[in-house]
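Q: To start, I am sharing the structure in question, which I have written as structure tokens.
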Amino acid sequence: MKFKFWGVRGSIAAPGPQTIRYGGNTTCIEVRTDRDTLLVLDCGTGIFPLGQSLASVEAVEAHLLITHSHWDHINGLPMFDPLFEPRTRCHVYGAGEEGTGKSIEHVFEVQFQNTYFPISEAQLSAAIDFRTLTDGESFEIDDARVSAVLMNHPITNFGYRIDCGARSLFFTGDHEPYFNGLAADDSGHLERQVWIDQRSSTIATALHEVDALIVDCSYTRTEYPQKVGWGHGTFDSALALAKRVGAGHLYCTHHMPTRSDDELEAVFAAFLQDNAGQIQGLKITLAYEGLEVTL
């Protein structure tokens, strides 16, 4: 199994001379199974160049695994060129609209409303089917097994574990470590903490000894106190998660759009220095557009 980063920014695309090395596109990761089946983790603006790279493929079959429906994770989808080819078969997986009971297909249909995009879903040439997922659901895609795990974000966000042969990867999508906002003497504090411990344990079990762990590392530890509840993690929380689950290699992604390449490298270097004693052999990589990994 192998994977490639086509977009590593969070919130909004950040093109320009200051983001050339790491890239300015929002989240999109191409995964290829041992049989070369195409899985795509999220459909941010990075899916546009991915689609262009498939131009020479006679008949594309793609499995789109959408973590959640915030714009930076789906806004490239209407510009995915294979959707306009009749020989394409596209399978879309993800959560429905939170609180309404509506399916992932509804989310897709809303994005293709004329208010947001000039071409309707009915005008797409590809054959498209949908599967609305639930927490803990596992299913087969050719020679890979995919498992959806509910993470912590302001709306439903599924992290995905992909197992193929003897190798595995997990992508968190957007994830903020669970926290208890209630004071110790507040009513409901204990119940909340029990729930948090259960959710954290469920996530850790799902990620156990994953070979590649791709994590939302939006903030530094000093930035985080002003961002509590926004639904994103830090470099430090990603490291703690990787250590807890025994991951083989941590990939830091979802970079702030306001960070230049130089600034991104500086905060990453400071993080590595501050945690030198904690890393202890864990491989850690700052993800960039074009990074290809074979497991």
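The values are calculated or read from the model by the stated rules, or taken from the named source; none is laboratory data. Since this is a predicted model, take the numbers as computed values, not measurements. All Cβ positions, glycine included, derive from the backbone under ideal geometry; neighbour counts span all protein chains shown.
Q: Select, from Ala212, Ala183, Ala204, the only residue that is closer than 30 Å to Glu292 by Cβ and surrounded by fewer than 18 Cβ atoms within 10 Å (Cβ to Cβ). Walk me through it before giving the result.
A: Values: Ala212 fails: surrounded by fewer than 18 Cβ atoms within 10 Å (Cβ to Cβ); Ala183 fails: closer than 30 Å to Glu292 by Cβ.
So the residue among Ala212, Ala183, Ala204 that is closer than 30 Å to Glu292 by Cβ and surrounded by fewer than 18 Cβ atoms within 10 Å (Cβ to Cβ) is Ala204.
Q: Kindly indicate whether Pro177 is surrounded by fewer than 16 Cβ atoms within 10 Å (Cβ to Cβ) and over 14 Å from the mean Cα position of the chain (by Cα). Reasoning before the result, please.
A: Working: surrounded by fewer than 16 Cβ atoms within 10 Å (Cβ to Cβ): no; over 14 Å from the mean Cα position of the chain (by Cα): yes.
Judged against the criteria, Pro177 is not a match.
Q: Is at least one residue of the stretch 192-205 free of Cβ contacts under 8 Å to residues at least 60 places away in the same chain, closer than 28 Å to Thr26 by Cα and among the aliphatic types (A, V, I, L, M)?
A: yes
Q: Okay, next question. Take the residues of the stretch 143-171 that are part of a loop (DSSP other than H, G, I, E, B) and aliphatic (A, V, I, L, M): which is nearest to Cys217 (Cα to Cα)?
A: Checked the stretch 143-171; the qualifying residue nearest to Cys217 (Cα to Cα) is Met151.
Q: Cβ-Cβ under 6 Å, sequence separation 6+ or interchain: first residue in the stretch 144-169 and within 18 Å of Ser201 (Cα to Cα) and at pLDDT 95 or above, partner among the acidic types (Asp, Glu) and surrounded by fewer than 21 Cβ atoms within 10 Å (Cβ to Cβ). Which pairs?
A: Ala148/Glu137; Leu150/Asp135
Q: Would you check which residues across the stretch 81-114 are at pLDDT below 95, of a type in the set (S, T, N, Q) and either touching a helix residue (DSSP H, G or I) at 6+ places or on another chain (Cβ under 7 Å) or surrounded by fewer than 16 Cβ atoms within 10 Å (Cβ to Cβ) (or both) and list them?
A: Thr100, Gln111, Gln113, Asn114
Q: Let me ask something additional. Assess whether Ile128 counts as being crowded, with 16+ Cβ neighbours inside 10 Å and part of a strand (DSSP E or B).
A: Taking the combined requirement at face value, the residue satisfies it.
Q: Follow-up question, since we're still on this one. I want to confirm something. Restricting to the stretch 215-238 and keeping residues that are surrounded by 23 or more Cβ atoms within 10 Å (Cβ to Cβ) and among the aliphatic types (A, V, I, L, M), which single residue is nearest to Leu150 (Cα to Cα)?
A: So the residue we want is Val215.
Q: Now for a separate question. Residues of the stretch 238-293 being among the β-branched types (Val, Ile, Thr) and modelled with pLDDT under 95, which ones?
A: Just the residues of the stretch 238-293 that are among the β-branched types (Val, Ile, Thr), to begin with: 245, 253, 258, 267, 279, 284-285, 293.
Selection gives Ile279 alone.
Q: For Ser120, only one of the following conditions fails: (1) at pLDDT below 95; (2) among the polar types (S, T, N, Q); (3) in contact with a strand residue (DSSP E or B) (Cβ under 9 Å, 6 or more places away or on another chain). What is its number?
A: (3)
Q: Something else about it: In the stretch 67-85, how many are over 17 Å from Ala14 (Cα atoms) and either polar (S, T, N, Q) or touching a residue at least 40 places away in the same chain (Cβ under 8 Å) (or both)?
A: 8
Q: Please find, within the stretch 261-281, the residue that is farthest from Gln18 (Cα to Cα) out of those that are of a type in the set (Asp, Glu) and surrounded by 12 or more Cβ atoms within 10 Å (Cβ to Cβ). Spell out how you get there, then give the answer.
A: So in the stretch 261-281, the residues of a type in the set (Asp, Glu) come out as 261-263, 265, 274.
With surrounded by 12 or more Cβ atoms within 10 Å (Cβ to Cβ) added as a condition, the list becomes 261, 263, 265, 274.
Numbers: Asp261: 6, Glu263: 9, Glu265: 12, Asp274: 25 Å.
Filtering first and then ranking leaves Asp274.
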